[in-house]
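The values are calculated or read from the model by the stated rules, or taken from the named source; none is laboratory data. A quick note: this is a predicted structure, and the numbers were derived from the prediction, not measured. Ideal geometry is used to build each Cβ from the backbone, glycine not excepted, and the neighbour counts take in all protein chains shown. Side chains are part of the model used for accessible areas, which takes the heavy atoms of the whole protein and leaves out ligands, DNA and RNA. Shrake-Rupley method; radii C 1.70, N 1.55, O 1.52, S 1.80 Å.
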Amino acid sequence: MALQIYNTLHRRKEPFRPIEPGKIRMYVCGITVYDYCHIGHARVMVCFDAIVRYLRSQGWDVTYVRNITDIDDKILNRASENGEPFDALTARMIDAMHADERALGVLPPDIEPRATGHIDDILDMIGTLVDGHYAYAADNGDVYYRVRRFPDYGKLSGKNPDELLAGARVDPDAAKEDPRDFALWKSAALGTVGWPSPWGWGRPGWHIECSAMSTCHLGATFDIHGGGPDLPFPHHENEIAQSEAATGKPYVHCWMHAGPVRVDDEKMSKSLGNFFTIREVLEKYNPEVVRFFLLSSHYRSPINYSEANLREAKAGLDGLYFAIRGKIGRDTSVAIAPFAVEEMRGNAYFQRFVQAMEDDFNTREAITLMQELAGSINHCARAGEDWSQQVRVLVGIGATLGILQQDPEDYFKTCVGQGGLTAGGSALVGFESGLTVDQLITERNQARANRNFASADAIRDQLKAAGIVLEDSGKETRWRRE
RNA sequence: GGCUGGAUGGCAGAGUGGUCAUGUAGCGGACUGCAACUCCGCGUACGCCGGUUCGAUUCCGACUCCAGCCUCCA
């Protein structure tokens, strides 16, 4: 089955046709770095990360660009509130973003361009637009895009330009010829943050940077442009207008947009203030659980961030790790390397996985079949049948989604919160006696050997209260965190 | 008001013109000193009204409700 992707531009799934055989050039709108990344950012990062991992596993030569917006009014305002230079703020937030990404298992994009690193490209594109009368310098020193000059305006978001005019929410700036026009260049007072330009000292508008950076790194026309759910209008609509007017070529073949994240069934937004940062979320949940949660719905569906849903995600991922526990990893005598993709081709589960992913990246279906595979492994293990092939396929599929790659014992022992994204050792966090779990297990097993079950159960309860579950299997006692 | 997309079992969430989603929670049983893990079994799901069809949750139309965007936001 050939790859099908839902294209926002045409509002339907379409067979994917690369511009250049075997290659995919892809740009995803990244973060404006004035604050910590929130769970909505995490969804975009994780979904496109899984998509790119999958595409590469199928042999596509993907060039993945995701930008950083590091100059913008929000950044300037926040820096001024903090009383620090804007680039000190952005440097700090970029570091934090990279740390969040690493925690969530998000691989870095191939190219991560920054707006401030492309001022010349931005200026060039604005110049081209002004020369072509697609843009004009206003009396206030700003340069605006002339929306009326671009007949296709609205084709991505399905908006009628005339109705936009009637719409009450466009900014009726006196300097603009038309309320729909948007800023390409914002003038700024000398001595404030800015760059010289033919139109005076200033800084770029929000939309132009993506047009300039994507064209610079991927060419005038490229395959896929992605982003969050609030981007089709106006951001991507404006990108199309700028780029197609400037280059005279079609901008993007396929537009992909992730669905929104809700919080406890309410819209999450900056203005409502009900958003959670990634680091807040990781105080409460294992990062891999968060990734699993994000992938357990289709990327275009709305998802609801809630305690109950995260708990369920944990139970789901636990189930996968239980299935491979004791069968793979450094604590087992059986060292099993996951299958390479080519080895998995003949496997029925893997074929279902490919089929699900080729159908607009249906990661929910992919996870479902991983769960079925886990069930089959458990069944085989109980029946004394060979499970080794299935385990390798399960872990191989997991690799393609960026999950299930930890040693199961590390996963089960990872201590969440308390500032730690670290796998817990045997030290018992929050336990006053200073005893380790292993010491208590030894003590309890002595009690069990003496059939002193009251003491044994007291230790079990004590550990349970500290969030640690003991599991007696054969002669061995293992532990994990709840 | 305009533009999109939805409505599936307690919950989450795929999918399909006609015998099964799956997971999770719950219940019963097996296993276990007690547990955990695991296994086996159970529960008459497809918003509402029409239409097409031998047959619709799945296709078509109306209706109701919900969400996202139209304003900073991924």
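May I ask for the angle, rounded to the nearest 10°, between helix A:237-247 and the longest principal axis of chain A, with both axes built from Cα atoms and the value confined to 0 to 90°?
Rounded to the nearest ten degrees, it is 60.
Looking at region A:4-261 only, what percent of DSSP beta bridges run antiparallel? Nearest 5 please.
Numbers: 14 of 32 bridges.
Antiparallel: roughly 45 percent of the beta bridges in region A:4-261.
Along the Cα→Cβ direction, 7 angstrom out, place labels at A:His133 and A:Ile19. What is the inter-label distance in nm?
2.8 nm
Taking the Cα centre of chain A as the origin, how large is its charge dipole in debye, to the nearest 20, when only Lys and Arg (+1) and Asp and Glu (-1) carry charge on their Cβ atoms?
Numbers: 53 positive and 67 negative charges, 248 e Å.
With Lys and Arg at +1 and Asp and Glu at -1, about 1180 debye.
Of all DSSP beta bridges located in chain A, what percent are antiparallel, nearest 5?
Around 55 percent antiparallel, to the nearest 5.
Which Cα, out of A:Ala246, A:Phe222, A:Gly202, lies furthest along the positive dipole direction of region A:192-249 (beta carbon charges, K/R +1, D/E -1)?
A:Gly202
If you count, for each residue, the other Cβ atoms within 10 Å and average over each peptide, how do A:378-384, A:315-321 line up from highest to lowest? Walk me through the numbers before you get to the answer.
Details: A:378-384: 12.0, A:315-321: 18.9.
So the peptides A:378-384, A:315-321, ranked by packing, come out A:315-321, A:378-384.
List the relative contact order of region A:140-292 as a percent without decimals, with contacts defined as Cα pairs under 8 Å and 6+ residues apart. Write down the numbers at each step before the final one.
Numbers: 176 pairs, mean separation 30.1, N = 153.
RCO, region A:140-292: 20 percent.
Please compute the length gained on full extension between A:Glu482 and A:Ala220, using 0.36 nm multiplied by the number of residues separating them and subtracting their Cα-Cα distance.
Working: separation 262, 0.36 × 262 = 94.32 nm, distance 5.14 nm.
Length gained between A:Glu482 and A:Ala220: 89.2 nm.
Counting only C-alpha contacts under 8 Å and six or more residues apart, can you give the relative contact order of chain A as a whole percent? Don't skip to the answer; put the middle values down first.
On the way: 740 pairs, mean separation 73.4, N = 482.
The normalised contact order for chain A reaches 15 percent.
Between A:Thr332 and A:Ser271, what is 0.36 nm times their sequence separation minus the Cα-Cα distance? Round to one decimal in nm. Don't skip to the end; give the middle numbers.
Values: separation 61, 0.36 × 61 = 21.96 nm, distance 5.07 nm.
That works out to 16.9 nm of additional length.
Relative to the present Cα-Cα distance, how much length would full extension add between A:Glu283 and A:Cys380 at 0.36 nm per residue of separation? The partial results should precede the final answer.
Values: separation 97, 0.36 × 97 = 34.92 nm, distance 3.67 nm.
Length gained between A:Glu283 and A:Cys380: 31.3 nm.
Identify the residues of region A:332-370 with backbone N under 18 Å of a label point that sits 7 angstrom from the Cα of A:Ser388 along the Cα-to-Cβ direction, or state none.
A:332-340, A:343-344, A:347
Taking a ≥ b ≥ c as the square roots of the Cα gyration tensor eigenvalues, with a/c under 1.5 meaning rounded and otherwise prolate when a/b beats b/c, else oblate, which class fits region A:4-261?
Details: a/c = 1.70, a/b = 1.18, b/c = 1.44.
In terms of gyration-tensor shape, oblate.
Roll a 1.4 Å probe over the protein chains and send me the accessible area per residue for chain A in Å².
Numbers: 21190 Å² over 482 residues.
Heavy-atom accessible area per residue stands at 44 Å².
Please compute the net charge surrounding A:Phe339, taking Lys and Arg as +1 and Asp and Glu as -1 over other residues with Cβ under 13 Å from its Cβ. Spell out each step's value before the answer.
Values: positive: A:Arg345, A:Arg392; negative: A:Glu342, A:Glu343.
Here the count lands on 0.
With θ set to phi - 60°, apply the Karplus curve 6.51 cos²θ - 1.76 cosθ + 1.60 along region A:279-289 and write out the HN-Hα couplings as whole Hz, x wherever there is a Gly or Pro.
Listing the rounded values in order: 5, 5, 4, 6, 5, 10, 10, 4, x, 6, 5 Hz.
Decide, for region A:212-359, between rounded, prolate and oblate: order the square roots of the alpha carbon gyration tensor eigenvalues as a ≥ b ≥ c, take rounded if a/c falls under 1.5, and otherwise choose prolate if a/b is larger than b/c, else oblate. Walk me through the numbers before you get to the answer.
Values: a/c = 2.71, a/b = 1.41, b/c = 1.92.
Note, shape of region A:212-359 comes out oblate.
As a quick test, which of the pairs A:Lys23/A:Lys249; A:Lys23/A:Lys74; A:Lys13/A:Lys159; A:Lys74/A:Lys284 have an alpha carbon distance above 25 angstrom in this structure?
Working: A:Lys23/A:Lys249 19 Å; A:Lys23/A:Lys74 36 Å; A:Lys13/A:Lys159 20 Å; A:Lys74/A:Lys284 29 Å.
Exceeds cut-off: A:Lys23/A:Lys74; A:Lys74/A:Lys284.
Ignoring ligands, DNA and RNA, what percent of the accessible area of chain A is carbon or sulfur (1.4 Å)?
Whole-percent figure for carbon plus sulfur exposure: 50.
Packing-wise, with mean Cβ within 10 Å as the measure, how do A:447-455, A:288-296, A:106-114 rank, highest first? Could the numbers behind the result be given before it?
On the way: A:447-455: 11.9, A:288-296: 24.0, A:106-114: 17.6.
With the highest mean Cβ count within 10 Å placed first, the list reads A:288-296, A:106-114, A:447-455.
To test your reading of the geometry: what angle, between 0 and 90 degrees and rounded to tens, separates the Cα axis of helix A:39-57 from the longest principal axis of chain A?
So the inclination is approximately 80 degrees.
Give the distance, in whole Å, between the Cα centre of region A:102-154 and the Cα centre of region A:301-362.
40 Å
Between region A:1-42 and region A:465-482, what is the separation of their alpha carbon centroids in Å?
Between the Cα centres of region A:1-42 and region A:465-482 lies a distance of 43 Å.
Ranked highest first by the average count of other Cβ atoms within 10 Å around their residues, in what order do A:469-476, A:227-234, A:75-82 fall? All intermediate terms of the calculation are to be shown ahead of the outcome.
Numbers: A:469-476: 10.6, A:227-234: 18.1, A:75-82: 15.5.
Per-residue Cβ counts within 10 Å, averaged per peptide and sorted highest first, yield A:227-234, A:75-82, A:469-476.
Compute the acute angle (0 to 90°) between the alpha-carbon long axis of helix A:86-103 and the principal axis of greatest extent of the alpha-carbon atoms of chain A; round to the nearest 10°.
Relative to chain A, helix A:86-103 is tipped by roughly 40 degrees.
How far apart, in nm, are two points set 7 Å out from the Cα along the Cα-to-Cβ line at A:Lys159 and at A:Glu312?
3.5 nm
For region A:304-407, with the dipole built from +1 on Lys and Arg beta-carbon atoms and -1 on Asp and Glu ones, taken about the Cα centre, which of A:Ile403, A:Ala337, A:Ala356 lies farthest toward the positive end?
A:Ala337
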